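J.: The structure is given below, and queries will be raised subsequently.
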Amino acid sequence: MIQYEMNTQDPNETFQYAERLAELLQPGDVICLEGDLGAGKTTFTKGLAKGLDIKKTVNSPTFTIIKEYRGRLPLYHMDVYRVADSYEDLGFDEYFEGEGVTVVEWAHLIEEQLPEELLTISLYHEGPEKRKMVFVPKGKRYEQLCKEIFINDHISD
């Protein structure tokens with residue numbers, strides 16, 4: 001499986017990488033965020049939101065599961081950490097196939113409901129402020145997206 005890695009020195013840099021990634025996103029894109037608690041999943045989502053021209057403050061949808069934001073593209077922000085049954089029908093497919101970008105935190109908990117093609121980004125602690133981000137594309141759209149990000153140096157390490 002192909003994967004790409006980058007390191008950030010602080011939360012602001014993580015935010016900025018996500019903001020630049022948002023410039024490349026299209027309707028129907030699905031990004032799954034995994035990794036350590038407190039490693040920056042919500043910070044990453046806030047950067048995506050800024051890059052999508054969303055003005056509203058983004059915070060974790062921990063107790064509501066899904067929050068929607070309007071910008072250049074709609075952003076559907078899901079936190080499925082508290083979804084008890086991975087087969088529970090919460091209409092996720094409507095978001096995955098919608099006109100916006102879907103971000104799913106703790107996506108492995110609903111793995112059976114995820115689309116076949118998506119981009120998984122895992123964030124890990126590398127120090128008090130430093131983070132490692134690992135991008136794993138599934139499908140041609142996301143492989144191309146990663147190539148644009150890494151090979152064309154749109155986002156550089």
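J.: If you bin every alpha carbon distance in the chain into 5 Å steps from zero, what whole percent lands in each bin?
T.: Each 5 Å bin holds this share of Cα pairs: 2, 10, 20, 24, 22, 15, 6, 1, 0.
J.: Tell me which of Y142, L37, P11 sits at the most positive position along the dipole axis of the chain, charges placed on C-beta atoms (Lys, Arg +1; Asp, Glu -1).
T.: P11
J.: Let me ask you something else. Taking the Cα centre of the chain as origin, sum charge times position over the Cβ atoms of Lys and Arg (+1) and Asp and Glu (-1), and report the length of that vector in debye to the nearest 20.
T.: 600
J.: Follow-up question, since we're still on this one. For an R0 of 30 angstrom, estimate the FRET efficiency from the Cβ-Cβ distance between Q144 and K56 and round to the nearest 0.05.
T.: 0.50
J.: Per residue, how much accessible area does the chain have with a 1.4 Å probe, in Å²?
T.: Normalised by residue count, the accessible surface of the chain is 51 Å².
J.: Want the number for E116 to E94: 0.36 nm per residue separation, take away the alpha-carbon distance, what's left?
T.: 6.5 nm
J.: Order the following by accessible area, largest value first: R70, R141, R131. Probe radius 1.4 Å; ligands, DNA and RNA are ignored.
T.: The ordering from most to least exposed comes out as R70, R141, R131.
J.: Let me ask something else. Suppose each label sits 7 Å from its Cα in the direction of the beta carbon; what would the R70-V134 distance come out to in nanometres?
T.: 3.9
J.: Report, in deg cm²/dmol and to the nearest 500, the calculated mean residue ellipticity at 222 nm for the chain, where each DSSP H run with n ≥ 4 adds -39500 (n - 2.57) and the sum is divided by the residue count.
T.: Rounded to the nearest 500, the figure is -6000 deg cm²/dmol.
J.: Here is the link list: K41/K147; K67/K140; K46/K132; K50/K147. Which ones come out longer than 24 Å on Cα distance?
T.: Violating the 24 Å Cα-Cα cut-off are K67/K140.
J.: Can you tell me what share of the DSSP beta bridges in the chain is antiparallel? A percent to the nearest 5 is fine.
T.: If I count the DSSP bridges inside the chain, around 55 percent turn out antiparallel.
J.: Heavy-atom accessible area of E126 with all protein chains present, probe 1.4 Å, nearest 10 Å²?
T.: Surface open to solvent at E126 totals about 100 Å².
J.: What ranking of Y81, Y69, Y124, Y4 comes out by heavy-atom accessible area, probe 1.4 Å, highest first?
T.: Of Y81, Y69, Y124, Y4, the descending order of accessible area is Y81, Y124, Y4, Y69.
J.: Also: At a probe radius of 1.4 Å, what is the per-residue accessible area of L37, in Å² to the nearest 10?
T.: Solvent-accessible area, nearest 10 Å²: 130 Å².
J.: Okay, moving on. Given the protein chains as shown and a 1.4 Å probe, how many square angstrom of E23 are accessible, to the nearest 10?
T.: Approximately 110 Å² of E23 is accessible to the 1.4 Å probe.
J.: Return the distance in nm (one decimal) between the two label points of a simple spin-label model at M1 and E23, each offset 7 Å from Cα along Cα→Cβ.
T.: For the pair M1/E23, the computed spacing is 2.9 nm.
The values are calculated or read from the model by the stated rules, or taken from the named source; none is laboratory data. Computed from a predicted structure; not experimentally measured. Backbone-built Cβ (ideal geometry, glycine too); neighbour counts: all protein chains shown. These accessible areas exclude ligands, DNA and RNA; they are computed on the full protein's heavy atoms, side chains included. Shrake-Rupley method; radii C 1.70, N 1.55, O 1.52, S 1.80 Å.
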